[in-house]
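J.: Below: one structure in structure tokens.
The values are calculated or read from the model by the stated rules, or taken from the named source; none is laboratory data. Predicted model only: the values in this text are computed from it and were never measured. So basically every Cβ, Gly included, is an ideal-geometry build from the backbone, and we count neighbours across all protein chains shown.
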Amino acid sequence: MRVLSLTANNFRNLYSLEIKLGPGVNVLYGDNGSGKTNLLEAIFTLCLGRSQRAATDSVLLHTDADVYRLQGVVELISDTAEFAVAYQRGGRKKITIDSVTVRASELYERICLVASGPEDSEILSGPPSVRRLFLDLYLSQLSQTYLVDLTDYQKALSQKNVALRHEMDPTPFDPLLIAHGSQVMQERARFLRELGTLSDRLYADIADGEELLVNYQPKVSVETNNGDLDSLKSAFKAALAKNAERERVLQTSLVGPHRDEVEFSICGLPARSHGSRGQWRAAAISLKLAVYELLKRKRGASPILLLDEIFAELDSRRTECLAKMFSDAGQLFLTTAVEPPGSLLKDARRFRIVAGEIVEEH
């Protein structure tokens, strides 16, 4: 999977940009604020219809612009297609593949990519919503059934919350929450077991043998490791009944995967409260590399890899260790303000970004 070209208009500080991209390593140089990260965000948004940084479409618009548009040719597993994403201020987003309007879910079926940047430290240190977004963004690329169940769950949740706010009977939505939410939790548990095994090994390589553990903590108290969906549904139903009065008083839904948590431990201690910035950064990179490996196995092709200043807070040993891990990657985009490891520069395309404009260096 590769992005062969990209045209960006009025996307953040990319007022009018057109670029042909290399099939392997693409190194993007530039000072802070030049637009390097915005270019990675544009590639991610083109491929999956949304920002990896959880930014809203109105935020993605260039200052004073009313419309942004991204367009690019994407090489998929079995064919090549033209993707386009456009958004008008105050309106709706339009996504097309070969000029045919599609839902965002179809992008997840056609392509996969992984992005890693400084903001990923919040997966370890930030609020639970960041960890749930991480799960949803990458599990949706691994499993179409997960994306369907998540979407249906979120619709039912929104409708139940409206009913609660208007003091209407919310219980008609509970069967939908149970049906789709139980599937979501089961998929999350399975994904995190696989992710934990892989990320622990990768983190040990980067961090001199330190241990990284992943523990899923669903809001519904039930054993998720046995894969028993009926038990999960029964526990969910009981939890909804137990919290029904509190939900009516507070006028919001308190039970379900929208309240799930994931706990990360480094060297046996909670990462959120005891981890250092360096540990958070190395652990976050390990998690994203583990996701990359899982996607590669599941999808039968190397995902596109977007790396934003990942070497900035790492010493030379960890930098070289990571560079070796990227040696067999497919298409890779790397932003940097300094020279990256020499092993990544062989046959790489090099681009310089200044104030949202880009020039290829030779």
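J.: Take T145 and tell me if it is assigned by TED's automatic domain parsing to the domain that holds M185, farther than 26 Å from L307 by Cβ and of a type in the set (S, T, N, Q).
T.: Criteria met by T145.
J.: With the requirement that a residue be in a helix (DSSP H, G or I) and either surrounded by 20 or more Cβ atoms within 10 Å (Cβ to Cβ) or among the β-branched types (V, I, T) (or both), what does segment 165-185 give you?
T.: T171, F173, D174, L177, I178, H180, G181, S182, Q183, V184, M185
J.: Which helices (runs of 4 or more DSSP H) sit wholly inside segment 85-148 and have at least 1 residues that are over 30 Å from T336 (Cβ atoms)? Spell out how you get there, then give the answer.
T.: Details: elements: 104-110, 121-125, 128-142.
Answer list for segment 85-148: 104-110, 128-142.
J.: With respect to S265, determine if the residue is exposed (fewer than 14 other Cβ atoms within 10 Å of the Cβ), hydroxyl-bearing (S, T, Y) and modelled with pLDDT of 90 or more.
T.: Taking the combined requirement at face value, the residue does not satisfy it.
J.: Restricting the first residue to segment 130-144 and requiring it to be polar (S, T, N, Q), which pairs with a second residue that is not in a helix (DSSP H, G or I) meet a Cβ separation below 9 Å and a spacing of at least six or different chains?
T.: Q141/I111; Q141/C112; Q141/L113; Q141/V114; Q141/P303
Every residue, every condition in (1) of a type outside the set (A, V, I, L, M); (2) at pLDDT 90 or above; (3) touching a Ser or Thr at 6+ places or on another chain (Cβ under 8 Å), yes or no:
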position	(1), (2), (3)
L6	no, yes, no
P23	yes, no, no
F44	yes, yes, yes
D64	yes, no, no
T80	yes, yes, no
V85	no, yes, yes
R92	yes, no, no
D98	yes, yes, no
V102	no, yes, yes
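J.: Might you check whether a residue that is more than 17 Å from R131 (Cα to Cα), in contact with a Cys (Cβ under 7 Å, 6 or more places away or on another chain) and not aromatic (F, W, Y) occurs anywhere in segment 209-220?
T.: yes
J.: Can you confirm whether segment 54-62 contains a residue that is within 23 Å of R349 (Cβ to Cβ), touching a Leu at 6+ places or on another chain (Cβ under 7 Å) and in contact (Cβ under 8 Å) with a residue 40 or more places away in the chain?
T.: Taking every residue of segment 54-62 in turn, none turns out to be within 23 Å of R349 (Cβ to Cβ), touching a Leu at 6+ places or on another chain (Cβ under 7 Å) and in contact (Cβ under 8 Å) with a residue 40 or more places away in the chain.
J.: Can you tell me how many residues within segment 148-164 are surrounded by fewer than 20 Cβ atoms within 10 Å (Cβ to Cβ), more than 13 Å from T252 (Cα to Cα) and of a type outside the set (S, T, N, Q)?
T.: Final tally of qualifying residues: 3.
J.: Of everything in segment 78-119, what is polar (S, T, N, Q) and over 15 Å from the mean Cα position of the chain (by Cα)? Give them in sequence order.
T.: Of all residues in segment 78-119, those polar (S, T, N, Q) come to 78, 80, 88, 96, 99, 101, 105, 116.
Within segment 78-119, S78, T80, Q88, T96, S99, T101 qualify.
J.: Further, regarding this structure: Condition first: touching a Phe, Trp or Tyr at 6+ places or on another chain (Cβ under 6 Å) and of a type in the set (A, V, I, L, M). Now tell me which residues in segment 98-134 satisfy that.
T.: Of everything in segment 98-134, those that are touching a Phe, Trp or Tyr at 6+ places or on another chain (Cβ under 6 Å) and of a type in the set (A, V, I, L, M) turn out to be V114, A115, I123, L124.
J.: Which members of segment 1-42 meet the condition of being out of contact with any Gly (no Cβ under 8 Å at 6 or more places or on another chain) and part of a helix (DSSP H, G or I)?
T.: Within segment 1-42, L39, E41, A42 qualify.
J.: Anything in segment 96-121 that is among the hydroxyl-bearing types (S, T, Y) and at positive phi? List them, or say none. Before the answer, list the steps.
T.: Within segment 96-121, the first condition is being among the hydroxyl-bearing types (S, T, Y), and the residues that meet it are 96, 99, 101, 105, 108, 116, 121.
Across segment 96-121, the qualifying residue is only S99.
J.: Out of segment 48-76, which residues are among the acidic types (D, E) and over 19 Å from G91 (Cα atoms)?
T.: E75
J.: Test each condition in (1) in the same structural domain as M185 (by TED's automatic domain parsing); (2) of a type outside the set (F, W, Y); (3) modelled with pLDDT of 90 or more for T224 and report the one that comes out false.
T.: Tallying (1) in the same structural domain as M185 (by TED's automatic domain parsing); (2) of a type outside the set (F, W, Y); (3) modelled with pLDDT of 90 or more, T224 fails exactly one: (3).
J.: Also, quick follow-up: Please pick out the residue among D200, D174, D228 that is of a type outside the set (A, V, I, L, M, F, W, C) and within 21 Å of A283 (Cβ to Cβ). Before the answer, list the steps.
T.: Working: D174 fails: within 21 Å of A283 (Cβ to Cβ); D228 fails: within 21 Å of A283 (Cβ to Cβ).
Exactly one residue qualifies, and that residue is D200.
J.: If only one of S34, S51 is within 21 Å of the chain's Cα centre (by Cα), assigned by TED's automatic domain parsing to the domain that holds D328 and surrounded by 14 or more Cβ atoms within 10 Å (Cβ to Cβ), which one is it?
T.: Working: S34 fails: within 21 Å of the chain's Cα centre (by Cα).
After ruling out the rest, the residue left standing is S51.
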